[in-house]
Each structure stands twice: as structure tokens, then as C-alpha cells.
Amino acid sequence: MLRSAVLLGMCLLLWGFAPGVAAQERFVAIPAAEQVARMGTGVNILGYDPYWREGGQGNYREEHFKAIHDAGFRTVRVVLFTFRHLDAGGTLDPAWLEKLDWVVAMGRKHGLVVILDVHDFDDCAKDMANCAPRLEQVWSQLAARYADQPASLVFELLNEPHGQLDAAAWNALFPRLLKVVRASNPTRNVVVGPVNWNNFRALEQLELPADDRHLIVTFHYYEPFDFTHQGASWVEEQFSRLKDVPFGTPEQVAQVGRDFDAVKAWSLAHDRPILLGEFGAYDKAPMDSRVRWTATVARAAEARGFARLYWQFSSDFLLYDFGRQAWVEPILRAVLPDSPELER
Ligand code: BGC
């Protein structure tokens, strides 16, 4: 009797059922809608940080993952520029992958859903023929490497398809990438969005495979663009030269509601859960309007059951200031009004 109990115990341990360890270690598929509910509010991280550069020290430490969690965020979307880490044979740099392992481990340790977002979108917009095989190489390696991670790890095939990636091209390409992912991750939740920089007006053109139920549909929201991108150097001059553009008339607020209603209607009609993967207003916008816009958009997403990820933790659109090692409180309050961080 005792012997069989010991044997059973050993088997359970081998199968990873040790208390406190096992349940989290193993991949157990969860419905896409449940995944979105678990994502709650989150934030984009790491894309432009020196962390990724060879020899780069970087700003992100474990304490920042803990701070993100403790402030009430439940998801980090890790912005990855992958192509520059592929060698001529299409293999990802092992040193870069180890850095990514650390990020995945930190997210997991601190109870965060981690989205791996392939962000080589500009390269793909300019040269689709060159991009497609590279995306397949990237996804076959990332998917295989993380196939055993729990369901809290999510893959996003490509940020903001645009340019050469028009609806026809994207509807042909993304199923190829999905197939690569599904070879090693048949039921992991995967994020995919429409063309035109993940614009919600292009949702109708997105052709999803009906039999894949582990898809989360994403859109990005930066409207009105002349408000959110005023003074931004990387956009057309008509926006980059703007300043002091306010936000907050009743009509502007109502428009956000109508846009989000349209996304909700699409979501219900197509039975797909929604992730608002990016929203934010650039630092050069007046702070009171940034706060109003950010709160308006965050509440609109919450009210409709969309997970929502602020753009971004660091670099610009700042939510967190590495210089002061402190939250940008007005923005944190707009994104997460009940954040315990605000009560300190
Ligand atoms: C781009 C960033 C840009 C942001 C807002 C992101 O998808 O990667 O470069 O700052 O959108 O424009």
C-alpha cells in the first residue's frame, strides 16, 4: 500500500504534478475568449530598448516586470525586431534567443500574459517577397522553442501589415505563418489583425480560417491621428508639424464610442474575441488631453470586453520614466484608475 502510494507520488512528480509547480508549467489550451479576459489591461514593452543590442545594458530589470504586475497590468506585449537577428541561413542568433528567454521567464514569474509580437512590419510593407520566407523562418524557430510554455504565452504573427501587404497579400501570407506555428503549437492562442496598420475599418477584409478557434483578433487605435501623433517625427509632415492639438469635445468622445461599437459588432458577428493591441498619444500632445484621450479609449475597450495594451512602457508615449524610475502618474491613472500604485 505504502509502496504504491510512493510510486504514485513519484509518477505524479515525473508528470509534473508537484504542488505549486506543475499546474503552471504545462501547456493547457484555453479558449481564445478566456485568454482575452485574462489579458485585461497590459502594456507594450522593450521594442526600442538597448537591451536587445549586443553589449547593450538595457533599462529593463526584473523589478520592472514586478512593478508592471503590481500596478495592475496583466499582459506585456514584447515588441520584437527579429530580422536583424537572422543569419544568412535563416537561423536566429542564439544569444538573442537567450535574451528573449529571460523576458519570457520574467513575464511568467510575475504572473503576466506574454505576447511575442513580431514587429518587422516596415520591412514587410516594403518588400513582401523577401519578408515572407523570413517570417516563416522566425516563426518556425520561436514556435518550436516555446511550444512547452504555458498558455500565458501568446504569439502575434506580424504587427500592422500595410504597404505591399494589402488585404489579398496578407490573407495569403498569414495562413502560411499560422501553419508554421500550428506544426508545434496546435492550440496556442495566436493574435492576428487586419491590414492598413491593424485598422479596425479593414476588419471586414480579414479572412480567418473558420476551423481555427484559437485566434484573437487585434486592432490598433490612434484616432484622431492629428491628436495622437502631433509632433511625431516618423509620420507625414502634416502631423509632425502639429502642436497644441487638444482632444475632448463631446463629438470626439462619441466618435471613439462609435468606432469601438463597430469593432464589437464585428466581433459578435464573427465570434472572435478582441485585443486592442496598441493605443496611446505621443508625449508632445498636451498632458490634460493625453489623459482624457487615454482614459476615453481605455474605458471604451473595457466596456466592450476588449483586452487593451497601452503603447508603450518606455522610449516614447511614456507610461514609465526610467530616468526617474517612476510611473508617469497621470497616464497610469488614465489607463488603470484603480492601480494600487496610485494609492501609495
Ligand atoms: C510602431 C512605433 C510607433 C507606434 C505609434 C508602432 O506600431 O512600431 O514605431 O511609435 O506604432 O506610431
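Some observations on this one:
- Positions within the stretch 98-141 being within 26 Å of residue 173 (Cα to Cα), open to solvent by less than 50 Å² (accessible area, probe 1.4 Å) and in contact with a Phe, Trp or Tyr (Cβ under 7 Å, 6 or more places away or on another chain), in sequence order: 116, 119, 120
- Residue selected from the stretch 287-300 under the condition crowded, with 22+ Cβ neighbours inside 10 Å and not β-branched (Val, Ile, Thr), by the criterion farthest from the ligand (Cβ to nearest atom): 300
- Scanning the stretch 102-127 for residues that are of a type in the set (D, E, K, R) and farther than 14 Å from residue 65 by Cα turns up 117, 120, 122, 123, 126, 127.
- Residues (in a helix (DSSP H, G or I) and in contact with a helix residue (DSSP H, G or I) (Cβ under 7 Å, 6 or more places away or on another chain)) located in the stretch 243-259: 253, 256, 257, 259
- Within the stretch 166-191, residues that are of a type in the set (Phe, Trp, Tyr) sit with their Cβ atoms under 9 Å from residues that are open to solvent by 10 Å² or more (accessible area, probe 1.4 Å) and in a helix (DSSP H, G or I), at 6+ positions apart or across chains, in these pairs: 170/195; 170/205.
- Some residue of the stretch 145-162 being aromatic (Phe, Trp, Tyr) and buried (at least 17 other Cβ atoms within 10 Å of the Cβ): yes
- Flag for residue 255 being open to solvent by 10 Å² or more (accessible area, probe 1.4 Å) and either within 15 Å of the ligand (Cβ to nearest atom) or at pLDDT 95 or above (or both): yes
- Within the stretch 216-274, the set of residues being among the polar types (S, T, N, Q), over 23 Å from the mean Cα position of the chain (by Cα) and within 16 Å of residue 292 (Cα to Cα) comprises 230, 249, 252, 255.
- Among (1) open to solvent by less than 20 Å² (accessible area, probe 1.4 Å); (2) away from the ligand (no atom under 16 Å from the Cβ); (3) not in a loop (DSSP other than H, G, I, E, B) - the single one residue 272 does not satisfy: (3)
- Only a single criterion out of (1) within 16 Å of the ligand (Cβ to nearest atom); (2) open to solvent by less than 40 Å² (accessible area, probe 1.4 Å); (3) assigned to a loop (DSSP other than H, G, I, E, B) is not satisfied by residue 202, namely (3).
- Count - residues of the stretch 33-82 that are without any contact (Cβ under 8 Å) to a residue 40 or more places away in the chain, open to solvent by 20 Å² or more (accessible area, probe 1.4 Å) and among the hydrophobic types (A, V, I, L, M, F, W, C): 1
- Qualifying residues in the stretch 206-242 (those that are within 11 Å of the ligand (Cβ to nearest atom) and assigned to a loop (DSSP other than H, G, I, E, B)) - the one most open to solvent (accessible area, probe 1.4 Å): 234
The values are calculated or read from the model by the stated rules, or taken from the named source; none is laboratory data. Predicted, not measured: the structure shown is a model, and the values here were computed from it. Glycine also receives a Cβ, built like all others from the backbone with ideal geometry; neighbour counts cover every protein chain displayed. Just so you know, the surface numbers come from the protein's heavy atoms only, side chains and all, with ligands and any DNA or RNA stripped out. Shrake-Rupley method; radii C 1.70, N 1.55, O 1.52, S 1.80 Å.
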